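The values are calculated or read from the model by the stated rules, or taken from the named source; none is laboratory data. These figures come from a predicted structure and were not determined experimentally. Positions of Cβ are backbone-derived with ideal geometry, glycine not excepted, and every protein chain shown enters the neighbour counts. Ligands, DNA and RNA are stripped out before the accessible areas are found, and what is left, the full protein with its side chains, is counted by its heavy atoms. Shrake-Rupley method; radii C 1.70, N 1.55, O 1.52, S 1.80 Å.
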Amino acid sequence: MIIKGRAWKFGNNISTDHIIPGKYKFKTLDFRELAQHAMEGIDSEFSRRVQPGDIIVAGRNFGCGSSREQAPLVLKHAGVGAVVARSFARIFFRNSINVGLPVVICPEAYEAVEQGDLLEVNLAEGMLKNLSKGTVFNFKPLPDFLLKILLDGGLVEHYKMHGKFIWE
Amino acid sequence: MPQTLAEKILSMKIKRDVSPGEIVVVEVDAAMAHDGTAPLMIQSFKAMGMTKVWDPSRAVFVIDHIAPSSNEGTSALHKMMREFALQHGLNFFDVGEGICHQLLPEKGFVYPGGVVLGADSHTCTHGAFAAFSTGIGSTEMAAVFGSGKLWLRVPESLKVTVTGALKSYVTAKDVVLHVIGEVGADGATYMAVEYSGDTVKEMSIDSRMTLCNMAVEMGAKTGLIASDEKTRLFLEGRCQAPCKTIEPDSSAYYTDELIVEADKLEPMVSCPHEVDNVKAVAEVEGTPVDQVFIGSCTNGRLEDLRMAAQMLKGKKVKCRTIVMPASREVYLKALREGLIEIFLEAGCAVGVPGCGPCVGGHHGVPAPGEVVVATTNRNFKGRMGCAEAFIYLASPIVAAHAAIQGKIVHPKEVS
């Protein structure tokens, strides 16, 4: 799976409260509505300006805080193609795979990417290209069983396709 | 091989020795979702085509995050939970029963050696009972509800040894805030934080739960404490499962160790807008306060309410102060001890057991520019529903003292 899009840069410790404030998620399961508030806690313009396939490039501990799966889901519904970070909070990382939002741990890329750079991510090969700068970074691909869930489109699709979970 | 507590519990669970980094599949002893996560879980459960909950006696729904509901959208999601719970015969705790992390141990779902998964990040609280407990998302919870199993990565462990006697105005909350300040908001990512030492041994179950509750604030998968006689006494009459004593081996390998000299600790606060922005109360003394909140899964237990009441007895609050017991059981005990009367006479607003203003949905959303001192676990921008408010996290003693003074003040004169 290859994802291509413009970079949106964010700093360290972007919490799920930044990604989707709690006050919205208790009211609805309508993700078209929730996606309008994606990243609202840090950039109120984000949901209006993000283009399909765009890639978030963040610092350490992206997605820290609450276990709300609404966080990766609003990013996905807002059109985000992947999140590349120096590191992820554990639950956000699992949730992203389970909802089919590609997540990439690539600490080296952070300094080498500027807002708006055109990026290309190859998940299976573990390669991130900064097409604007002509640089290439390698990252460790996900373990096979997680990559499979992600490429199936998340845990629901995975289960529907196979009739069981890959770890069973 | 000598084992950490995390390795020992997971090894007992799957009946072979495990080591950090390994992926294991575990059978789940208790699974919980609340009104912030259950609706999405139900949706995923149905989308997967599942029709049966693996073991309804081990599955729990709690309405605590927006309880009672503040709007019709939330009410519709609550209704969806009630219908699902009824249809599948789940354990269901409705509005007013309390916070999920308080209810699970109170109602006997947590015991040493058990694996507890919750669709809530603070599920790590149950490590206080030597259960392996951690937070997951809604769709994974749907998988657990359907199959009773989930994969887990065996964590490395960080050992936090706490020794010495705490000063009278220093609490478990100050200990954990200190630890978070040292370790950082992502310093224990994916690890188990294992607390030990004579101070922890001396601590009540309420205090131990406070320590483990905030493990996730360091990025940890769980917090853990060995089970002992205190664990057994708490669980007696609550759960059917035997209360085993589970301790780590003394020569187990830890990735790192932090030693906390408890007798040297002073009251701490976590300052806006990051949990690891931890300072001594003395450094922010005099900060004016608009709202105080005493409650939550971190500090809404009987011991916390006793500490707050001791401060507030015979005094009047100078800023609006909201008190929410963590559960109905805690509320009733506080009522019978006269604590609720103390709060009311001091001018506090005493609310329904639940998460309250911690999650920013209702029951005390601050205004822009306002300062809140809360006994909760997160101070992210916008956490309490207003991105322009400033949240300080503190112990019930510091919070109650701030309520009386209308500003953050060191509570040293109180014994």
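What the table below lists for this structure:
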{"read-out": "Accessible area that becomes buried as B packs against A, both chains, 1.4 Å probe, Å², nearest 100", "value": "3700"}
{"read-out": "Protection proxy ranking of B:357-365, A:120-128 - average other beta-carbon atoms within 10 Å, highest first", "value": "B:357-365, A:120-128"}
{"read-out": "Threshold 50 Å² - residues in the stretch B:127-155 whose accessible area is reduced by that much or more when the chain is no longer isolated, probe 1.4 Å", "value": "B:Thr139, B:Glu140, B:Trp151"}
{"read-out": "Share of carbon and sulfur in the accessible heavy-atom surface of chain B [1.4 Å probe, %]", "value": "51"}
{"read-out": "Peptide-level mean, for A:149-160, of C-beta atoms on other protein chains within 10 Å", "value": "3"}
{"read-out": "For chain B: rounded, prolate or oblate by the Cα gyration tensor [a/c cutoff 1.5]", "value": "oblate"}
{"read-out": "Estimated 222 nm signal from helices in chain A, with DSSP H stretches of n ≥ 4 weighted -39500 (n - 2.57), rounded to 500", "value": "-8000 deg cm²/dmol"}
{"read-out": "Pairs beyond 24 Å (Cα-Cα), from A:Lys76/B:Lys149; A:Lys9/A:Lys140; B:Lys8/B:Lys52", "value": "A:Lys76/B:Lys149; B:Lys8/B:Lys52"}
{"read-out": "Residues losing 30 Å² or more accessible surface upon assembly, the stretch B:22-59, compared with the chain by itself, 1.4 Å", "value": "B:Val25, B:Gly36, B:Leu40, B:Gln43, B:Ala47, B:Met48, B:Met50"}
{"read-out": "Low-density loop positions, GluC sites (Glu not before Pro), the stretch B:243-296 - DSSP coil, at most 14 other Cβ in 10 Å", "value": "B:Glu285"}
{"read-out": "Chain B: calculated mean residue ellipticity at 222 nm from DSSP helix runs of at least 4, using -39500 (n - 2.57)", "value": "-9000 deg cm²/dmol"}
{"read-out": "For the stretch A:2-142, with +1 on Lys and Arg beta carbons and -1 on Asp and Glu, the positive-most of A:Ala112, A:Ser67, A:Gly41 along the dipole", "value": "A:Ser67"}
{"read-out": "Distance cut-off 17 Å, percentage of C-alpha pairs in the stretch B:268-405 lying past it", "value": "52"}
{"read-out": "When each of A:Lys164/B:Lys201; A:Lys23/A:Lys129; A:Lys160/B:Lys79 is checked by Cα-Cα distance, pairs over 32 Å", "value": "A:Lys164/B:Lys201; A:Lys23/A:Lys129"}
{"read-out": "Within a Gaussian network of chain B (alpha carbon springs, distance under 10 Å), most fluctuating of B:Asp256, B:Asp228, B:Asp276", "value": "B:Asp256"}
{"read-out": "Protein-protein interface of the stretch B:180-194, residues with accessible area decrease of at least 40 Å², isolated chain reference, 1.4 Å probe", "value": "B:Asp186, B:Tyr190"}
{"read-out": "Accessible surface, chain B, averaged per residue in Å² (probe 1.4 Å)", "value": "33"}
{"read-out": "About the Cα centre, charge dipole magnitude for the stretch B:268-405 (Lys/Arg +1, Asp/Glu -1 at Cβ), debye", "value": "300"}
{"read-out": "Average accessible surface area per residue within the stretch A:104-144, 1.4 Å rolling probe, Å²", "value": "53"}
{"read-out": "Sulfur and carbon atoms: percent of accessible area, the stretch A:9-168 [1.4 Å]", "value": "49"}
{"read-out": "Centroid-to-centroid separation of the stretch A:122-168 and the stretch B:249-327 [C-alpha atoms, Å]", "value": "41"}
{"read-out": "Zero-based 10 Å bins, Cα pair distances in the stretch A:2-142, whole percents", "value": "13, 48, 32, 6, 0"}
{"read-out": "Anisotropy class of the stretch B:42-183 from Cα gyration tensor, a/c 1.5 cut", "value": "prolate"}
{"read-out": "Ratio Rg/Rh [Cα only; Rh per Kirkwood] for the protein assembly as shown", "value": "0.95"}
{"read-out": "Sequence-distant aspartates and glutamates (8 or more away, or on other chains) whose Cα lies within less than 15 Å of A:Lys133", "value": "A:Glu108, A:Glu111, A:Glu114, A:Asp117, A:Glu120"}
{"read-out": "Whole-Å distance, taken between Cα centres, linking the stretch B:333-394 and the stretch A:46-102", "value": "30"}
{"read-out": "Sparse-neighbourhood loop sites, GluC sites (Glu not before Pro) in the stretch B:327-415 - DSSP loop, at most 13 other Cβ within 10 angstrom", "value": "B:Glu388, B:Glu413"}
